[in-house]
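Note sheet for the following structure.
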C-alpha cells in the first residue's frame with residue numbers, strides 16, 4: 001500500500017509545492033527586467049528586484065518543506081525546483097555582470113560549472129538514468145549564492161549599508177562558488193560510478 005500511495009503522489013502535478021515552483025519560474029524574467037532597467041534608461045529598481053529575489057527564496061524554502069510535510073513530492077517538482085534555482089542564478093549573473101557588479105571571472109566560473117553539469121546530465125540520459133537529484137552541498141551552495149547576489153546588488157550604492165553588504169556579499173559569494181564546484185565534482189564522481197558499473201555489467 002505504501003508503494004502504491006507514493007507512486008500516486010509522485011505522479012501529481014498540481015500540488016502546492018509545484019505551484020510555488022512555477023511562480024518562482026514566472027518571477028525570473030521580472031527579476032532580470034528589474035535589474036537591467038537602469039541600463040536601458042529606466043529608473044533604478046533594485047529595491048523591487050530584491051523583493052522578487054526575497055520572495056523566490058521564501059518560496060524555495062516552502063516548496064521543499066511543504067512537499068515533505070504533506071507527502072507531495074513529485075517527479076515534476078524534482079525538475080522545477082532545481083530549474084528555478086539555476087534560472088535565478090543565471091539571470092542574476094547576467095544582470096549583475098552587465099551592470100559590472102560581478103567580475104567576469106566569477107561569472108565564468110559559475111557558468112563553467114553549469115556547463116559541466118549539463119554534460120553529466122547528457123551522459124546519464126545516454127545510459128538511461130534521470131538527472132541527478134540535488135544533494136545537500138548543492139542546496140547549500142544555492143543558498144549561499146542566493147544570499148550573495150542580493151547583498152552584492154545592495155552594495156551598488158553608497159554609505160555604510162552598501163559597504164557592509166559588499167563585505168558579506170563577497171563572503172557568501174566565495175563560499176557559494178566553492179560549494180557549487182564541490183557539489184559539481186560530486187556529481188561527476190556519481191556519474192562516473194554509474195557509467196563504470198554499466199560498463200562492467202555489459
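For volume of the Cα convex hull per residue in Å³, pick the label among (i) 143; (ii) 104; (iii) 129 that corresponds to the value derived from the coordinates. Only one listed value fits the structure, namely (iii). For the pair residue 25 and residue 160, a Förster radius of 30 Å applied to the C-beta separation gives a FRET efficiency near 0.25, rounded to the nearest 0.05.
Given R0 = 35 Å, the distance between the Cβ atoms of residue 127 and residue 55 translates into a calculated FRET efficiency of 0.35.
Run the numbers for residue 90 and residue 71: contour at 0.36 nm per residue of separation, minus the present Cα-Cα distance, in nm.
Values: separation 19, 0.36 × 19 = 6.84 nm, distance 3.01 nm.
Between residue 90 and residue 71, full extension yields 3.8 nm more.
For 19, 89, 73, what's the fewest-to-most ordering of other Cβ within 10 Å of each Cβ? Please report the intermediate quantities before stating the final value.
Values: 19 14, 89 20, 73 17.
So the ranking, lowest neighbour count to highest, is 19, 73, 89.
If R0 equals 22 Å, the separation of the Cβ atoms of residue 170 and residue 111 corresponds to a calculated FRET efficiency of about 0.75.
Estimated from helical segments only, the mean residue ellipticity of the chain at 222 nm is -28500 deg cm²/dmol, where each DSSP H run of four or more residues counts as -39500 (n - 2.57).
Laboratory data are not the source of any read-out in this text; all were calculated from the coordinates shown. All figures in this text were calculated on a predicted structure; none of them were measured in a lab. Using ideal geometry, Cβ is built from the backbone for each residue, glycine included, and neighbour counts are taken over all protein chains shown.
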